[in-house]
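The values are calculated or read from the model by the stated rules, or taken from the named source; none is laboratory data. From a predicted model like this one, the values you see are computed outputs, not experimental measurements. Cβ coordinates were reconstructed from backbone atoms using ideal geometry, including for glycine residues, and neighbour counts include every protein chain displayed. Calculation scope for accessible area: heavy atoms of the full protein, side chains included, ligands and nucleic acids excluded. Shrake-Rupley method; radii C 1.70, N 1.55, O 1.52, S 1.80 Å.
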Amino acid sequence: MHGMINRAIEDFVRDAYGEGAWLAVAAATGSDSRGFRLLHDYPDDLTRALLAEAGAPMGKTGPELAEDLGAWLAAQSGLRRLLRFAGSDFSEFVLSLVELPGRLRMVIPGLDLPPVQVELEGEDYRIRIASADPLWLHAVAGMLQAMADDYGVLAVLALDRDGLRLSVPLSAYTEGRPFSISDPAVGAA
Amino acid sequence: MIPVADIAAMLGRLMPMHLWLDCGGAIRSAGPTLRKLIGKAAQFDDAFEAIGGTSASRSVARLGSADRLFLRLRSAPQTVLRGRGAMLSADGTGGGALINLGFGIGLSDGVHRFGLTDQDFAPADLAMELLFLSQANAAMMGELSRFNLRLEEARVAAEAQALTDPLTGVFNRRGLTMAIEAALLGAGAPADPGFALLHIDLDLFKAVNDCHGHAAGDTMLKAVASKLSAETRLCDSVARMGGDEFVLLLPGLTDPVGLMRLARRIIERIEEPVRIGDADCRVSASVGAAISTGYDTIDAQRMQRDADAALYAAKANGRGGAVLAGPGRPQVPA
């Protein structure tokens, strides 16, 4: 797994649960507590272990933690801004999920997300990810929930055997958060 | 035959930055995004300056046949649009030229300057992707430079650790070597002020260790190190060479009399009792000194050997003395 992903887990644990929680996760997984290298490849099993260990103290499973991670990522101002570029409204954003792996690859060559498929199911969306690992789908579900808040829509997500079912009972639920493409990038040093 | 207004509306929807000129260079229609840039301009020449071209009134044909046009906005000369023109046939549309324009690399500035939104760009246009990419790039650079900063801090900390004596916090042997190398960089230059080395060996230190234990010994070493730091300037280097041996590197201190006065003062400071637990512990020190200006060519190892020899001479004279290396140098007796 790309170092960027492990780094995201590390930052999430530090930010959400504190430095002590991160040190415990690092010790339990045999990771360098100073943190992961961004441009380095790590074994996939390590990433699964990180999520499992990070969730353990709260009685959460790895997939549940992946969901929290997805929501946390989408709430980071820099990433949230980049995500908003994908669509001018939530429906466009959901349909553009098929472009998400391409966008990621464009920004970070080597960071490969499995292919994403979005279909309309009546009024709802059906989202599938072509990976045997359910962690991806859980992370995307968390991200979608956070982005629904960002766009100001009420979204209901349900994971089942066929992937993720997303319905939007209220498309103008709140004002959402303001976004303008001409604002400066967040995170620029 | 499609009405002209319908054609203009269709063009506006598909090409929000198009420009439709008649044969005389008057603007028949302009896309809604382009209108945000050129305002109410009615003539090509009021809105644009064609870079490398002549005015439209004389050359609509040239605009209409250009493979790549660069047009500077008169209202905002920093903005240059690029595009391609196509000639229109005289029958039906009445002739003139149709030009489709875009921002090119100046996109971010343009979006900012004219307050554009994603609705201002055709989905087939890669404008949004370019904006996304430039912002992603900035965010990535930010992330990488934060990461680099962390590495740099770790490197500085590791380096300081590698050069520092963990007990006393002054330089260790490697730290001193680095400081001497730095001092030698300027050696031999006409303006080089030279430097002095003081090799200091504690006397009676073993007694502190034996009578009060190793913890007391460590406390004494720390006390001596802080006395040495206090008696020297910021530009001087204090190093512990292990055991109860210290070395001072003193840039510019090449006057033998001044140097021996300093050696004397240091010995007196070290001889002041140090309170450890409920005991007043006393040590003394012997000092061997060497001055770089006493050598034709400076050899740091030879200087250190000479300072050591002077230190042994001082020890041989009895405790608490200082000796300057080299013949004819003033000796400070015990």
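Summary of computed values
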{"read-out": "Along chain B, longest interval not containing exposed trypsin sites (Lys or Arg not before Pro), exposed being DSSP loop plus at most 11 other Cβ atoms within 10 Å", "value": "B:69-232"}
{"read-out": "Largest-first ordering by accessible area, 1.4 Å probe, given options B:Val283, B:Val257", "value": "B:Val257, B:Val283"}
{"read-out": "Over chain A - Rg/Rh using Cα atoms and the Kirkwood inverse-distance radius", "value": "0.96"}
{"read-out": "Magnitude of the charge dipole, segment A:86-170, Cβ model with Lys/Arg +1 and Asp/Glu -1, debye to 20", "value": "260 debye"}
{"read-out": "Segment B:147-193 and segment A:85-99: distance between their alpha carbon centers, rounded to Å", "value": "54 Å"}
{"read-out": "Distance between modelled label sites at A:Thr174 and B:Ile105, nm, 7 Å Cα→Cβ extension", "value": "4.2 nm"}
{"read-out": "Cα-Cα P(r), segment B:4-125, percent of pairs per 5 Å interval", "value": "2, 12, 24, 27, 20, 11, 4, 1, 0"}
{"read-out": "Cα-based shape type of the protein assembly as shown, given that a ≥ b ≥ c are square roots of the gyration tensor eigenvalues and the cut on a/c is 1.5", "value": "oblate"}
{"read-out": "Residues of type lysines that B:Lys227 reaches as a straight line, Cα spacing below 29 Å, ignoring anything fewer than 8 places off in the same chain", "value": "B:Lys206, B:Lys315"}
{"read-out": "Residue-averaged beta-carbon neighbours from other chains (10 angstrom radius) around A:70-80", "value": "1"}
{"read-out": "Cα-projected label distance for B:Asp45 with B:His214, points at 7 Å along beta-carbon direction, nm", "value": "9.6 nm"}
{"read-out": "Estimated FRET transfer efficiency when R0 is 60 angstrom, pair B:Asp67-B:Glu159 (beta carbons, to 0.05)", "value": "0.55"}
{"read-out": "For residues of B:126-136, the mean tally of beta carbons on other chains within 10 Å", "value": "5"}
{"read-out": "Euclidean distance between Cα centres, segment B:281-322 to segment A:1-18, Å", "value": "56 Å"}
{"read-out": "Relative contact order of chain A, defined on C-alpha pairs under 8 angstrom at six or more residues apart (%)", "value": "18 percent"}
{"read-out": "Positive-end residue of A:Leu111, A:Ala139, A:Val94, charge dipole of chain A with Cβ unit charges", "value": "A:Leu111"}
{"read-out": "Ranking by accessible area, most exposed first, for A:Tyr151, A:Tyr17 with a 1.4 Å probe", "value": "A:Tyr17, A:Tyr151"}
{"read-out": "Inter-chain shielding of A:173-185 (mean C-beta neighbours from other protein chains, 10 Å cut-off)", "value": "4"}
{"read-out": "Euclidean distance between Cα centres, segment A:113-189 to segment B:245-265, Å", "value": "72 Å"}
{"read-out": "Residues B:Arg282 and B:Arg74, FRET efficiency given R0 of 56 Å [Cβ-Cβ distance, rounded to 0.05]", "value": "0.05"}
{"read-out": "Principal-axis tilt of helix A:3-17 within chain A, Cα atoms, nearest 10 degrees", "value": "90 degrees"}
{"read-out": "With every protein chain in place, segment B:136-184: carbon and sulfur % of accessible area (1.4 Å)", "value": "62 percent"}
{"read-out": "Estimated FRET transfer efficiency when R0 is 25 angstrom, pair B:Arg146-A:Asp183 (beta carbons, to 0.05)", "value": "0.75"}
{"read-out": "5 angstrom amide H check on B:His18, placed H, neighbours 5+ away", "value": "B:Gly31, B:Leu34, B:Leu101"}
{"read-out": "Net dipole in debye of segment A:1-94 [+1 Lys, Arg Cβ; -1 Asp, Glu Cβ; about Cα centre; nearest 20]", "value": "240 debye"}
{"read-out": "Largest-first principal axis extents, alpha carbons of segment A:46-122, Å", "value": "39, 35, 25"}
